[in-house]
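Undergrad: The structure is given below, and queries will be raised subsequently.
The values are calculated or read from the model by the stated rules, or taken from the named source; none is laboratory data. Since we're looking at a predicted model, the values are computed, not measured. Here the Cβ positions follow ideal geometry from the backbone for every residue, glycine too, while neighbour counts run over all protein chains shown.
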Amino acid sequence: MITTDYIVRHAFLCDDHEIAGLEKICFPEAEAASEETISERVHAYPDNFTLVEYNGEIIGVVDGPVTHEKDLTDEMYSDTSFHHDDGTWQMIFGVETHPHHRRKGVAELALHSFLEYARLIGCKGAVLTCKEELVHYYAKFGFINEGVSVSTHGGAVWYQMRRVF
């Protein structure tokens, strides 16, 4: 159920601390970006963060750089120089929802908004990696499974998924 009480917006530079806190809650330690890394990303590409806010709290995030690279690689997670405003592919590093707000449409709202923004700025499509148990979830948004990713981020096995606009 999506409520009208949600605010969907891009990141402000001052959001980095709160985004990093949500990252720590939503991802295992080996996969979560540090607060410093989140801060670097927000400063490099704040418009490529879609945030869902509820009662003044950030409860959902979708983020990632726009790049000329076709595939998501581990180097992108720590190197913001891969981001180019005129890039052709929107990468997605994370789709996060605070545990108290899951199963209420927050991730769906954030992901739809994020993908629409990527389409509007002229990207060819979007690429993400996910664990096998989430392949079916992202397929509902038009993502196609391309198989096991070259990424081994956090020591996990990832599946690369692509949605062409």
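Undergrad: Hey, any hits in the range 27-35 for a residue that's more than 21 Å from Leu111 (Cα to Cα), in a helix (DSSP H, G or I), over 15 Å from the mean Cα position of the chain (by Cα) and of a type in the set (A, V, I, L, M, F, W, C)?
TA: no
Undergrad: Take the range 120-143 and flag every residue that is surrounded by fewer than 19 Cβ atoms within 10 Å (Cβ to Cβ) and either in contact with a helix residue (DSSP H, G or I) (Cβ under 9 Å, 6 or more places away or on another chain) or in contact (Cβ under 8 Å) with a residue 40 or more places away in the chain (or both). Show your work before the answer.
TA: Of all residues in the range 120-143, those surrounded by fewer than 19 Cβ atoms within 10 Å (Cβ to Cβ) come to 120-122, 124-125, 131-137, 139-142.
Those that are surrounded by fewer than 19 Cβ atoms within 10 Å (Cβ to Cβ) and either in contact with a helix residue (DSSP H, G or I) (Cβ under 9 Å, 6 or more places away or on another chain) or in contact (Cβ under 8 Å) with a residue 40 or more places away in the chain (or both): Ile121, Lys124, Gly125, Tyr137, Lys140, Phe141, Gly142.
Undergrad: Only one of these is within 20 Å of Thr37 (Cβ to Cβ), of a type in the set (D, E, K, R) and within 15 Å of the chain's Cα centre (by Cα): Asp63, Asp79. Name it. Steps first, please.
TA: Numbers: Asp79 fails: within 15 Å of the chain's Cα centre (by Cα).
That would be Asp63, the only listed residue that is within 20 Å of Thr37 (Cβ to Cβ), of a type in the set (D, E, K, R) and within 15 Å of the chain's Cα centre (by Cα).
Undergrad: Give me the residue from the range 36-60 that is buried (at least 16 other Cβ atoms within 10 Å of the Cβ) and of a type in the set (D, E, K, R) and, out of that set, nearest to the chain's Cα centre (by Cα).
TA: Looking at residues that are buried (at least 16 other Cβ atoms within 10 Å of the Cβ) and of a type in the set (D, E, K, R), I get Arg41.
Undergrad: A follow-up question, please. Quick check on the range 129-146. Is at least one of its residues within 12 Å of the chain's Cα centre (by Cα), closer than 21 Å to His43 by Cα and modelled with pLDDT of 95 or more?
TA: No, every residue in the range 129-146 fails to be within 12 Å of the chain's Cα centre (by Cα), closer than 21 Å to His43 by Cα and modelled with pLDDT of 95 or more.
Undergrad: If you don't mind, there's one more thing I want to ask. For the range 65-84, does any single residue satisfy the condition of being more than 19 Å from Thr129 (Cα to Cα), without any contact (Cβ under 8 Å) to a residue 60 or more places away in the chain and buried (at least 18 other Cβ atoms within 10 Å of the Cβ)?
TA: From the range 65-84, those more than 19 Å from Thr129 (Cα to Cα) are 81, 84; that's our starting set.
With the extra rule that they be without any contact (Cβ under 8 Å) to a residue 60 or more places away in the chain, the set shrinks to 81, 84.
Adding the requirement that they be buried (at least 18 other Cβ atoms within 10 Å of the Cβ) leaves none.
Scanning the range 65-84 turns up no residue that is more than 19 Å from Thr129 (Cα to Cα), without any contact (Cβ under 8 Å) to a residue 60 or more places away in the chain and buried (at least 18 other Cβ atoms within 10 Å of the Cβ).
Undergrad: For the range 85-101, which positions are under 13 Å from Asp71 (Cα atoms) and surrounded by fewer than 20 Cβ atoms within 10 Å (Cβ to Cβ)? Outline the logic, then answer.
TA: Within the range 85-101, the first condition is being under 13 Å from Asp71 (Cα atoms), and the residues that meet it are 87-93.
Residue satisfying the conditions is Thr88 alone.
Undergrad: Conditions first: (1) more than 12 Å from the chain's Cα centre (by Cα); (2) within 20 Å of Glu31 (Cα to Cα); (3) not in a helix (DSSP H, G or I). Arg103 passes all but one, so which condition is the exception?
TA: It fails just one condition, (2).
Undergrad: Within the range 59-96, count every residue that is touching a His at 6+ places or on another chain (Cβ under 8 Å), within 19 Å of Leu22 (Cα to Cα) and part of a strand (DSSP E or B).
TA: The qualifying residues number 2.
Undergrad: A follow-up question, please. Go through the range 1-20 and report how many residues are part of a helix (DSSP H, G or I) and either surrounded by fewer than 16 Cβ atoms within 10 Å (Cβ to Cβ) or among the basic types (Lys, Arg) (or both). Show your work before the answer.
TA: Looking only at the range 1-20, we keep the residues that are part of a helix (DSSP H, G or I), and these are 13-20.
Filter once more, so that each one left must be either surrounded by fewer than 16 Cβ atoms within 10 Å (Cβ to Cβ) or among the basic types (Lys, Arg) (or both): 13-14, 17.
Within the range 1-20, residues that are part of a helix (DSSP H, G or I) and either surrounded by fewer than 16 Cβ atoms within 10 Å (Cβ to Cβ) or among the basic types (Lys, Arg) (or both) number 3.
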